[in-house]
1. Does segment A:7-24 include one or more residues that are of a type in the set (Ser, Thr, Tyr), under 27 Å from residue A:173 (Cβ atoms), within 16 Å of ligand 1 (Cβ to nearest atom) and open to solvent by 50 Å² or more (accessible area, probe 1.4 Å)?
2. Within segment A:79-100, count every residue that is within 15 Å of the chain's Cα centre (by Cα), open to solvent by less than 30 Å² (accessible area, probe 1.4 Å) and farther than 11 Å from residue B:203 by Cβ.
3. Only one of A:142, A:209 is within 16 Å of ligand 2 (Cβ to nearest atom) and either more than 22 Å from residue A:107 (Cα to Cα) or modelled with pLDDT of 95 or more (or both); which?
4. Tell me, please, whether a residue that is more than 27 Å from residue B:295 (Cβ to Cβ) and not charged (D, E, K, R) can be found in segment A:100-109.
5. State yes or no: is residue B:215 closer than 21 Å to residue B:286 by Cβ, modelled with pLDDT of 75 or more and open to solvent by 60 Å² or more (accessible area, probe 1.4 Å)?
6. Might you check whether a residue that is more than 16 Å from ligand 1 (Cβ to nearest atom) and open to solvent by less than 50 Å² (accessible area, probe 1.4 Å) occurs anywhere in segment A:217-224?
7. Mind checking which residues of segment A:146-181 are basic (Lys, Arg) and closer than 14 Å to residue A:85 by Cβ?
8. If I ask for residues that are of a type in the set (S, T, N, Q) and within 16 Å of ligand 1 (Cβ to nearest atom), which ones from segment A:182-214 would you list?
Amino acid sequence: MIRLRDVNKTYKGNVVALRDVSLDIAKQEFVFIVGPTGSGKSTMIRLLIKEEKPDSGRIWVAGKDIGQLSSWKVPLLRRNIGCVFQDFKLLPSKTAYENVAFALEVIGRPPHVIKQQVPQVLDLVGLTKKRDHFPNEMSGGEQQRVSIARAFVNRPLILLADEPTGNLDPSTSVGIMRLLDRINRTGTTVVMSTHDSSIVDTMRRRVIELDRGVIVRDQARGVYGAFT
Amino acid sequence: MAVNLEYVFRETVSNLKRNVSMASAALLTVAVSLTLVGGALLVKRGVDRATVQWKGNVELSIFMKADASQPESDAIDRQLKSMPEVKNYRYVSKPEAFEEFKKIFANEPDVRDSLTVDQIPPSYRVVPRAAEQTKIIGQRFEDTAGVFRVSYAKEEVDALVSVTNFLQIMLWAIAIVLLSAASLLILNTIRMAIFARRREVAVMKLVGATNWFIRVPFMLEGLLQGLAGAALAFGVVWVGRDLIQNRIAGARNDIQLFKQFLVTSSDVTGTGILLLIVGVVVGTVGSALAVSRFLDV
Ligand SMILES: Nc1ncnc2c1ncn2[C@@H]1O[C@H](COP(=O)(O)OP(=O)(O)OP(=O)(O)O)[C@@H](O)[C@H]1O
Ligand SMILES: [Mg+2]
């Protein structure tokens, strides 16, 4: 589903974000990316949706070499990938329902599809009652569930989550993890970066650890703080 | 496609509503600059037309001596009639010349009353077929019997034409500067509108909206602002031209110069259509350029 080969990324000012990164993530896998701050986790996620380009190396997503992808096809790539962020990135002027519907509207889905799928996914994340609330009328956990609903409403092959629990308290985080787990069980590949050791230790899924842009550990059923 | 249109119109309308103050600022900017552009173009049109008239009336006057005899006068009449270079000519008799003289110096009784009919020279007013022939025609009569003096309107017209040429260049320069200012302002206003909505643009890119899909509502917004501003400018120019034309027509002293300074309503319509096109193009292209900057990340 995702394959990186010898990927290097250096930002302006010789900041090395990723160095010689190669990895394979299979379909339906659930993968944690861990590592200290500045180790390149967000950079890896930005490369996968082609928000940034690698300096060298090749990246395949869903069987396609995205380095070969012409720029007008990038939106099509992104329709196959749902993204969730620490800061939710919801539109404050839209309700929960509208925020989720927006994601389908702007890729040209017809109204009857939108009317059918948005309530379904809101039900999945447990927000049917809050559908007409605006983001500032919801808790952080609820907002994050709206953003997961938005990422998942188009049934993407891959869900990328960059520290989705970074702003949430532990018990709310557990709820979000249950949700991501459920989404993973529907067949969606989930890649999640995190600093939250208890989550990683509880879930016991594959763990990839980055340190200063280098993969230092890749462990099936791993824990947060293990060392090779 | 029907879905997209519905979305596009809803987005455009809600954007305009949300940014009423910004949208009206852009609209008024367009209106003001295009009004000035339109005004400048119309004045230029008037100057063009007046210049043509002045040029068409380039004439020379053959003044007879006050005591010239009838045969001398008839000889000149015959000669003028036989010359192909002469388009037309007119004899201004002593009484006619006297009336004209009194009219010109109506406000200066001292001068007006200083001459009698007999002292005024009669003259032939000659309009040549081409302005360049004026001098050639005039020279033939300079030494003819009974002729007092040949005077040319050319020098005065030349001076006038050079002034109006300068004026036209000035007006074009003003029009171009104002138009660029209007374009920049539209571009900037749309840029601000997009900046205000950068979150939405970011989310749209994230979920895989195509660039054109993101661009179109902004372009429509810019188009509407440009169009509305241009329409307002059209109205102002139309009313302004009516007011000025009425002023000139109603003025007591019928100064020939201003009478010739005519701007027809088809001139105004033509200029107005130009303004509308410019408004639409500037609004649409400006917003497309402005939005592109936010799309290429
Ligand atoms: N746009 C950018 N321009 C320049 N340098 C950048 C940019 N984005 C990230 N970096 C640098 O690249 C390195 C990796 O950053 P990245 O955001 O990928 O780390 P991270 O693992 O996500 O960190 P965190 O856990 O704090 O989110 C850091 O040193 C960072 O300062
Ligand atoms: Mg990060």
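1. Let us first name the residues in segment A:7-24 that are of a type in the set (Ser, Thr, Tyr), namely A:10-11, A:22.
Applying the additional criterion that residues be under 27 Å from residue A:173 (Cβ atoms) yields none.
No; the residues of segment A:7-24 include none that is of a type in the set (Ser, Thr, Tyr), under 27 Å from residue A:173 (Cβ atoms), within 16 Å of ligand 1 (Cβ to nearest atom) and open to solvent by 50 Å² or more (accessible area, probe 1.4 Å).
2. 3
3. Numbers: A:142 fails: within 16 Å of ligand 2 (Cβ to nearest atom).
Only one candidate passes the filter, namely A:209.
4. Pass one, segment A:100-109, residues more than 27 Å from residue B:295 (Cβ to Cβ): none.
For segment A:100-109, residues more than 27 Å from residue B:295 (Cβ to Cβ) and not charged (D, E, K, R): absent.
5. Working: closer than 21 Å to residue B:286 by Cβ: yes; modelled with pLDDT of 75 or more: yes; open to solvent by 60 Å² or more (accessible area, probe 1.4 Å): no.
Spelling it out, it is not the case that residue B:215 is closer than 21 Å to residue B:286 by Cβ, modelled with pLDDT of 75 or more and open to solvent by 60 Å² or more (accessible area, probe 1.4 Å).
6. Within segment A:217-224, one or more residues are more than 16 Å from ligand 1 (Cβ to nearest atom) and open to solvent by less than 50 Å² (accessible area, probe 1.4 Å).
7. Initially, segment A:146-181 is screened for residues basic (Lys, Arg), giving A:150, A:155, A:178.
Passing the criteria: only A:150.
8. Start the filter on segment A:182-214 by keeping residues that are of a type in the set (S, T, N, Q), which leaves A:184, A:186, A:188-189, A:193-194, A:197-198, A:202.
Of everything in segment A:182-214, those that are of a type in the set (S, T, N, Q) and within 16 Å of ligand 1 (Cβ to nearest atom) turn out to be A:193, A:194, A:197.
The values are calculated or read from the model by the stated rules, or taken from the named source; none is laboratory data. Owing to the predicted nature of the structure, the values given are computational and were not obtained by experimental measurement. Every residue, glycine as well, gets a Cβ built from its backbone with ideal geometry; the counts of neighbours run over all protein chains shown. For the accessible areas, the whole protein counts, side chains as well, though only heavy atoms, and no ligand, DNA or RNA atoms are used. Shrake-Rupley method; radii C 1.70, N 1.55, O 1.52, S 1.80 Å.
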